[in-house]
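Data first, discussion second: the structure below is written as structure tokens.
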Amino acid sequence: MKRTGLFALFILSHALLFAQFQASDSSLAAKRKQSLGETSDSARLAQNREFEDELEQTLQIPGSYGHPFESLTTVGNLRSGDDKFRILVWNLPLNDGTFRYFGFIQLKDKVFKLADRSENYSDPEAAQQTFSCENWYGALYYRIIKTSHEGQDYYTLLGWDGRNRRITCKMIDVLTFSPSDEPVFGKPIFKTASGTQNRVFVNYAKQAAVGLNYDYQTLNIPKGNRTQKKKVWLIVFDHLVPLNQELTGQYDYYVPTGDQWDGYWFDDGFWKFVENIEVVNPKDKTKKTQPIKKTVESPY
């Protein structure tokens, strides 16, 4: 009898929690829709603050880590492959063509609010910086890649930044956690053509379509005086060039060649830049390889 009563109480508590989350989903979806529908920046930001505050309160509820928030279709909701955390991120378009970014990192017992400070940094500065949640370089993340080296877990983030009316950016960042589980963005593990960086920016013309994905492809690996072909997992993106040489460095004129791809290969604790990757779309769909796909200009 006592067991039956405890079981009934368990079922009732879960039913009440489910109903609470369902009501919260409806309220949050309405606030998010309203914030996007406002015409002035001030009204849009004010409505977004209400959405952000309510979402934070919901994430603080015990049991919320397992809630999918399926009604929030314009909010990115990514979980790490090891289920250590999830990131919820969204943006707010402003009338000048720029964007503000917002989000939370949720562990099973902690919630961290993300405060976008990207407007304070140029790309060269940000490429060398480490950021906290309170000083975050905002982006819409659409992929988490977990790698490890010498006991350290790295969560590499692929993201999108609308930048402005002339330039779009794809970004590769990395998230690690301190011994007390404090999130840290950025780490000098990207060996680029111009030196080691904490993160990578891929800027290009607004009208261009550029893919940046994680894919299983062929890499030519130097071995003595020869090269060896090897199938490895890579971060792959379109090779970009200016429309003419006089526009070098003006990223609003950078477009993909259409037949060349570059990328980063994780080796010995570093993401190492590689050029001219042999991108092949497999005919056999049962194989482990996946075709290169263009990600849409906003992942959500």
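Taking first residues from region 256-269 that are free of Cβ contacts under 8 Å to residues at least 24 places away in the same chain and partners that are of a type in the set (S, T, N, Q) and surrounded by fewer than 19 Cβ atoms within 10 Å (Cβ to Cβ), the Cβ contacts under 8 Å between residues at least 6 apart in sequence or on separate chains come to Gln260/Asn276. If the condition is being among the β-branched types (Val, Ile, Thr) and either in a loop (DSSP other than H, G, I, E, B) or open to solvent by 10 Å² or more (accessible area, probe 1.4 Å) (or both), then region 155-175 contributes only Ile167. Restricting attention to region 22-38, the residues being in a helix (DSSP H, G or I) and touching a Lys or Arg at 6+ places or on another chain (Cβ under 8 Å) number 2.
Looking only at residues in region 246-300 that are polar (S, T, N, Q) and under 21 Å from Phe201 (Cα atoms), the one that is modelled with the lowest pLDDT is Thr295. Being open to solvent by 20 Å² or more (accessible area, probe 1.4 Å), basic (Lys, Arg) and not in a helix (DSSP H, G or I) is the filter here, so list the residues in region 42-89 that pass it. Within region 42-89, Arg79, Lys84 qualify.
Restricting attention to region 212-250, which residues are of a type in the set (Val, Ile, Thr), assigned to a strand (DSSP E or B) and open to solvent by 40 Å² or more (accessible area, probe 1.4 Å)? Within region 212-250, Thr227, Val241 meet the criteria.
Scanning region 176-196 for residues that are part of a strand (DSSP E or B), open to solvent by less than 30 Å² (accessible area, probe 1.4 Å), out of contact with any Lys or Arg (no Cβ under 7 Å at 6 or more places or on another chain) and closer than 19 Å to Leu234 by Cβ yields a single hit, Thr192. Gln22 meets the conditions (1) under 25 Å from Tyr137 (Cα atoms); (2) of a type outside the set (Val, Ile, Thr); (3) without any contact (Cβ under 8 Å) to a residue 24 or more places away in the chain in every case but one. The failed one is (1).
The values are calculated or read from the model by the stated rules, or taken from the named source; none is laboratory data. Values in this document were obtained by computation on a predicted structure and should not be read as measured data. Every residue, glycine among them, receives a Cβ derived from its backbone with ideal geometry; neighbour counts consider all protein chains shown. Quick note on the areas: whole protein, heavy atoms, side chains included, nothing else; ligands and nucleic acids left out. Shrake-Rupley method; radii C 1.70, N 1.55, O 1.52, S 1.80 Å.
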